[in-house]
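Please read the structure below before turning to the comments.
The values are calculated or read from the model by the stated rules, or taken from the named source; none is laboratory data. Computed from a predicted model, the values in this text were never measured in an experiment. As a convention, Cβ positions derive from the backbone with ideal geometry for all residues, glycine included, and neighbour counts pool all protein chains shown.
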Amino acid sequence: MSMTVTIYHNPRCSKSRQALELLQGRGVEFRVIEYLKNPPTADQLERILTLLSLEPRALMRKNEKEYTSLNLDDPSVSRETLINAMIAHPILIQRPIVLTDNQAAIGRPPEAILDVL
């Protein structure tokens, strides 16, 4: 039985490229989603958050200008608003994220993805 492996990838990110190389080096079959071109849906983000046991803000790149300009650091901002912000501005999503059938890992450092393989 083979597992499904998906990587949410940004080719311009060195950590994302390193994670991709780790998958290739292990001979793992995987699907690449360039999430800046094809952002995850709300349901997909909910699944990722559940698998990672994280709240939306913990999956966000707080150093992006969109994080500040959209006031996403305001603690009163709802979960739904945070998720919608990641869909509208996928640059806010931490990368890379590797998903298997029932696990997920953020590749920071890239070796962290090995825990789910």
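Computed quantities for the displayed model
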| read-out | value |
| --- | --- |
| Filter result (in contact with a Pro (Cβ under 9 Å, 6 or more places away or on another chain) and surrounded by fewer than 18 Cβ atoms within 10 Å (Cβ to Cβ)) within the stretch 16-31 | Arg17, Gln18, Glu21 |
| Output for the stretch 86-110, where each listed residue is part of a loop (DSSP other than H, G, I, E, B) and closer than 13 Å to Leu23 by Cα | Pro96, Thr100, Gly107 |
| Number of the condition not met by Ile97 [criteria: (1) under 14 Å from the mean Cα position of the chain (by Cα); (2) over 18 Å from Lys15 (Cβ atoms)] | (2) |
| Out of Pro40, Pro11, sole residue that is within 11 Å of the chain's Cα centre (by Cα) and either assigned to a loop (DSSP other than H, G, I, E, B) or among the basic types (Lys, Arg) (or both) | Pro40 |
| Of the criteria (1) farther than 18 Å from Arg108 by Cβ; (2) touching a Ser or Thr at 6+ places or on another chain (Cβ under 8 Å); (3) among the aliphatic types (A, V, I, L, M), which one Ile33 fails | (1) |
| Test: Arg57 is surrounded by fewer than 20 Cβ atoms within 10 Å (Cβ to Cβ), touching a helix residue (DSSP H, G or I) at 6+ places or on another chain (Cβ under 8 Å), basic (Lys, Arg) and under 18 Å from Pro11 (Cα atoms) | no |
| Residue match in the stretch 67-78 (condition: among the β-branched types (Val, Ile, Thr), in a loop (DSSP other than H, G, I, E, B) and at pLDDT 95 or above) | yes |
| Exclusive hit being assigned to a helix (DSSP H, G or I) and touching a residue at least 24 places away in the same chain (Cβ under 8 Å), set Glu29, Glu46 | Glu46 |
